[in-house]
Amino acid sequence: MDRFSKYVHDLFQWNEEMKKFLETENARKDSAELWGKLDGFTEVMENLNQPMTDQDLLELQAKAEVIQAEMEGYFTRKQDAGNIWVVGTVLSPGSHRLPNLPYEYSALEPYFSEQMMKLHHQHHHLVHVDELNRAELQLKKARETNDYRLLKHWSRELSFHGSGHYLHMLFWNNLSPAGGGKPNGRLLKEIESYFGSFAAFKKHFTEAAIQVEGNGWALLVWSPRARHLEIVQTQENTHYAQWDTIPLLAADVWEHAYSLQYKQKREEYVENWWKIVNWSEVERRFEQASELKWQAY
């Protein structure tokens with residue numbers, strides 16, 4: 001079986017498994033839209049009788065990612081309501097790992113080069129994972145020995161590298177070879193309502209990313225208390241971050257994220273970053289985050 005045939009076969013099998021699961025959950029009534037997308041996806045694949053172009057494959061993959069994100073949102077809602085039980089992974093101290101990217105290193109070219117992606121992921125992100133593990137183990141040792149003389153140091157390391165690891169995971173998943181454009185549904189409505197228009201949001205976010213002093217991040221976050229979106233900056237990984245909010249979209253503007261390809265042209269890097277934003281992932285995070293209802297103050 002060639003690569004194309006195997007990919008389509010795997011997608012078809014996954015699609016049928018999702019239908020079977022919804023059948024067992026008796027979910028046809030409260031997930032009619034999701035059922036419609038699964039049925040439509042089946043129809044698309046059943047009509048495939050010849051090899052697809054790379055663009056066709058990317059479009060098919062994008063459709064699968066959207067449906068998968070909506071399925072995960074469905075699982076989360078059911079789990080929160082106690083209707084289904086999902087086993088979660090609990091990491092012991094020092095057991096974080098560097099996951100593979102959800103695409104090939106070359107998949108985001110020409111906007112992000114393969115060389116830049118490899119360096120960013122295999123070196124800079126890996127450092128955060130290794131040092132986060134080290135900090136967790138040192139703090140575990142401090143608890144076991146009741147020796148807290150280096151608590152301040154290891155607590156800072158835990159915060160800095162832990163944030164670096166989690167922000168990078170958000171960053172990688174915020175990107176897609178089939179990305180770009182703008183979001184749909186509730187997220188787009190929230191953006192237009194709070195920022196005035198998608199164009200105004202994009203301008204605000206772009207300026208936030210460009211104007212980060214030194215190294216840091218620009219983030220679109222959701223506030224469960226204020227019940228609205230917001231754009232914030234961080235210097236490095238933690239300075240000036242806004243607590244009690246949930247990050248939805250992250251732009252990494254550390255120099256190591258772009259200098260290999262863009263030199264000092266941060267503006268050009270940010271402009272091209274928009275072309276590969278994975279809005280389906282941002283929408284998934286927003287759907288889950290916006291279900292939190294905390295007292296407003």
Taking region 157-191, which residues are in contact with a Leu (Cβ under 9 Å, 6 or more places away or on another chain) and not in a helix (DSSP H, G or I)? Asn174, Leu175, Ser176, Pro177, Ala178, Gly179, Lys182
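Could you tell me which of the residues Ala250, Ala226 is of a type in the set (Gly, Ala, Ser), touching a residue at least 12 places away in the same chain (Cβ under 8 Å) and surrounded by fewer than 16 Cβ atoms within 10 Å (Cβ to Cβ)?
Exactly one residue qualifies, and that residue is Ala226.
Does Glu230 fit the bill of being over 20 Å from Met116 (Cβ atoms), assigned to a strand (DSSP E or B) and out of contact with any Pro (no Cβ under 8 Å at 6 or more places or on another chain)? Can you show your working first?
Values: over 20 Å from Met116 (Cβ atoms): yes; assigned to a strand (DSSP E or B): yes; out of contact with any Pro (no Cβ under 8 Å at 6 or more places or on another chain): yes.
It is true that Glu230 is over 20 Å from Met116 (Cβ atoms), assigned to a strand (DSSP E or B) and out of contact with any Pro (no Cβ under 8 Å at 6 or more places or on another chain).
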Just to check your reading of the model, which residue among Glu207, Glu192 is touching a helix residue (DSSP H, G or I) at 6+ places or on another chain (Cβ under 8 Å) and without any contact (Cβ under 8 Å) to a residue 12 or more places away in the chain? Glu192
Does Ser176 fit the bill of being among the polar types (S, T, N, Q), closer than 24 Å to Ser259 by Cα, surrounded by 13 or more Cβ atoms within 10 Å (Cβ to Cβ) and touching a His at 6+ places or on another chain (Cβ under 9 Å)? no
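Tell me the residue from Glu157, Glu144, Glu136, Glu131 that is within 19 Å of Ala241 (Cα to Cα) and charged (D, E, K, R), please.
On the way: Glu144 fails: within 19 Å of Ala241 (Cα to Cα); Glu136 fails: within 19 Å of Ala241 (Cα to Cα); Glu131 fails: within 19 Å of Ala241 (Cα to Cα).
Being within 19 Å of Ala241 (Cα to Cα) and charged (D, E, K, R) holds for just one of Glu157, Glu144, Glu136, Glu131, which is Glu157.
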Among the residues of region 286-297, is any closer than 17 Å to His168 by Cα and not acidic (Asp, Glu)? no
Listed residues Glu287, Glu271; which is open to solvent by 40 Å² or more (accessible area, probe 1.4 Å), in contact with a helix residue (DSSP H, G or I) (Cβ under 9 Å, 6 or more places away or on another chain), farther than 25 Å from Arg186 by Cβ and assigned to a helix (DSSP H, G or I)? Glu271
Tally, over region 178-214, of residues that are charged (D, E, K, R) and within 30 Å of Asp56 (Cα to Cα): 4
Out of Leu139, Leu132, report the one residue that is within 21 Å of the chain's Cα centre (by Cα), surrounded by 15 or more Cβ atoms within 10 Å (Cβ to Cβ) and in contact (Cβ under 8 Å) with a residue 24 or more places away in the chain. Leu132
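Can you tell me which residues in region 97-122 are in a helix (DSSP H, G or I) and in contact (Cβ under 8 Å) with a residue 40 or more places away in the chain?
Scanning region 97-122 gives Gln115, Met116, Leu119, His120, His121.
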Is it the case that region 150-158 has a residue that's basic (Lys, Arg), surrounded by 12 or more Cβ atoms within 10 Å (Cβ to Cβ) and farther than 20 Å from Asp130 by Cβ? no
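The values are calculated or read from the model by the stated rules, or taken from the named source; none is laboratory data. Remember, predicted model here, so these are calculated numbers, not experimental data. Quick reminder, even Gly has a Cβ in these numbers, built from the backbone with ideal geometry, and neighbours come from all protein chains shown. These area figures cover heavy atoms from the full protein model, side chains too; ligands, DNA and RNA do not enter into them. Shrake-Rupley method; radii C 1.70, N 1.55, O 1.52, S 1.80 Å.
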